[in-house]
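Okay, structure first, notes after.
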Amino acid sequence: MSLAALYPWLKALHVVSAFLFVAGTITTSIVLAAERANPGSVEPVAGFLAKSERWLTTPAMLLVWAFGLTLAVTAGWFSNTWLQVKLAFVVLLSAVHGIQSGQLRRLVRNKALKSWTTLPLILVSMTAVVVLVVVKP
Amino acid sequence: MSNDYESTQLRWLGILSVLEATTLVLLVAVAVPLKHIAGWNVAVHVMGPVHGLAFLGYCWAAIQAVTEGGWSRSEAVRLFATAFIPFAGFANARLIARKSAALRTGAVQ
């Protein structure tokens, strides 16, 4: 079976991975914000969240990239401006996830958190990614 | 959380650093010459995305490590700069090994 024939399956798996990745990133962002607003309040769930970050959100991010790069190569989209801009937002989202993951590890180890607000950045990036890939302007 | 937690993270950072450096060398020193000298494009088409993924994985792990703390500004700059220079990622192994040793002796909190 050719990669072109696998396109709908690759796309479906890419979307599922993206859902899991964004859901995990938003959850971590909200939990970190809650901890900053009220120190000690999320301590009971920090370990569980760190585990889900490690086994669910991070693998989902890697799958998003793997399926996304395969789709872009298969369809020959790399020269399209919409994809280049979308890639910039996905890099930004991945970087925010890395920052939050580091902060979550600080939380688990009872270290002070930095006062970074990430939720608006995540929501703007996610909206831009969806609009760019659906509309393909 | 124990130092094992930290050591695992540093081990992953070291593995990804070597992986990123290896795929960059394969891309620049093998795949690109094959394309231009022998007209064989397949190696670039394969190694391009593979290196792209390795690069992203390494940068992500470096962001996570630096954000967690325990790295000086110059060490952080070095971690990211080496991702762009062929072979430099291999030198990171020494820096990361030094960090691990400091962690074991309690010099890094």
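Structure summary
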read-out: Whole-number D in µm²/s for chain A (Stokes-Einstein; Kirkwood sum over Cα pairs; 20 °C, 1.002 mPa s); value: 135
read-out: Value at 222 nm in deg cm²/dmol, rounded to 500, when DSSP H runs of n ≥ 4 in chain B each add -39,500 (n - 2.57); value: -26000 deg cm²/dmol
read-out: Residue with peak Gaussian network fluctuation, chain A [Cα springs, cutoff 10 Å], from A:S17, A:S52, A:S29; value: A:S52
read-out: Listed residues A:V45, A:V22, A:V64, most fluctuating in chain A (Gaussian network, C-alpha, under 10 Å); value: A:V45
read-out: For the stretch B:3-105, the fraction of alpha-carbon pairs in successive 5 Å shells from zero, as %; value: 2, 14, 22, 21, 15, 10, 7, 5, 3, 1, 0
read-out: Count of lysine pairs in the stretch A:7-135 with Cα separation under 28 Å (8 or more residues apart, or interchain); value: 5
read-out: Nearest 10 degrees, 0 to 90: helix A:43-52 Cα axis against chain A principal axis; value: 20
read-out: In degrees, nearest ten, helix A:58-75 long axis to first principal axis of chain A (Cα); value: 20
read-out: Kirkwood-based Rg to Rh ratio, the protein assembly as shown, C-alpha trace; value: 0.99
read-out: Pairs of Cα atoms farther than 12 Å apart, the stretch B:23-62, %; value: 55
read-out: Principal-axis tilt of helix B:88-105 within chain B, Cα atoms, nearest 10 degrees; value: 20
read-out: Percent RCO, i.e. relative contact order, over chain B, from Cα pairs under 8 Å lying at least 6 residues apart; value: 39
read-out: Candidates per chymotrypsin sites (Phe, Trp or Tyr not before Pro) in the stretch B:6-109, loop by DSSP, up to 16 other Cβ within 10 Å; value: B:W40, B:F87
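Quick note: the coordinates plus some simple rules give every number you see, no bench work behind them. Since the structure is predicted, the reported quantities are computational estimates derived from the model, not experimental observations. Using ideal geometry, Cβ is built from the backbone for each residue, glycine included, and neighbour counts are taken over all protein chains shown.
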